[in-house]
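A short worksheet on the structure shown next.
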Amino acid sequence: MAAAGFILIVAVLVGARIFDRNSSTPLADPQSGAFARGPGNLDQPCAGMGVQVDLTKAESDEPYHILVPNTDLAEDSNMTSAWECNGDVVQMFFSSGVKITEEQNVIKDPEAAWQNLAEQDPTTTSVAVVRGQSASLIDPAKDPTGTIAGGVSVVDDGLLLTVGGNGKLSIDDLVKVTESLN
């Protein structure tokens, strides 16, 4: 199941346009513990491989506590859907354009993975501290092509948390959503 979760987070990162969806070249080397391109329709929840659920059901199904955001951009009142994906992965979508993915971490060295991403695309990608942990930040405002939706990825308490945007939300907004997860 860990491999399925790893592939799904790849799909989420691609779906969040953290790297160019039109390219077959990932931004990171999967051998380093970073990411590779995954299967499925990346424009659909769970890359087209999941079921829609309410958070109560997801909470009872998953082996971890599901963290829920509490900001104007992402909270219970503007959640449009929640999904369970293969491999103990949960995705939440919000009317603001925020997409949150949570799963048990499978990345051996998150800080090295984030650094690898930043080295491969220093224009849009940086490493910062979010939730007290090293995190990858993909800033859509710095993308000269306008194709990156932006996102924050961080491993906290054994969970890989990815907060994606829609290309219009600022990286500061996505960090705030990530910080609000509880």
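The values are calculated or read from the model by the stated rules, or taken from the named source; none is laboratory data. Because the structure is a prediction, the values reported are computed rather than measured. Glycine gets a Cβ as well: all are built from the backbone with ideal geometry, and neighbour counts include every protein chain shown.
In the range 100-148, which residues are of a type in the set (V, I, T), surrounded by 18 or more Cβ atoms within 10 Å (Cβ to Cβ) and under 28 Å from N78 (Cβ atoms)?
The answer is I100, T101, T124, T125, V130, I138, I148.
I'd like to check something: does the range 53-61 contain any residue that is in contact with a Leu (Cβ under 8 Å, 6 or more places away or on another chain) and within 23 Å of L174 (Cα to Cα)?
There is no residue in the range 53-61 that is in contact with a Leu (Cβ under 8 Å, 6 or more places away or on another chain) and within 23 Å of L174 (Cα to Cα).
How about the range 67-163: which strands (runs of 3 or more DSSP E) wholly inside it have at least 2 residues that are among the aromatic types (F, W, Y) and either within 20 Å of P45 (Cβ to Cβ) or modelled with pLDDT of 95 or more (or both)?
Where strands (runs of 3 or more DSSP E) fall fully within the range 67-163 and carry at least 2 residues being among the aromatic types (F, W, Y) and either within 20 Å of P45 (Cβ to Cβ) or modelled with pLDDT of 95 or more (or both), they are 89-94.
Could you tell me whether the range 153-170 includes any residue that is closer than 26 Å to D72 by Cα, touching a Lys or Arg at 6+ places or on another chain (Cβ under 6 Å) and among the hydrophobic types (A, V, I, L, M, F, W, C)?
Yes, some residue in the range 153-170 is closer than 26 Å to D72 by Cα, touching a Lys or Arg at 6+ places or on another chain (Cβ under 6 Å) and among the hydrophobic types (A, V, I, L, M, F, W, C).
For the range 164-175, what are the residues that are touching a residue at least 40 places away in the same chain (Cβ under 8 Å), within 24 Å of D109 (Cα to Cα) and assigned to a helix (DSSP H, G or I)?
L174, V175, listed by residue number.
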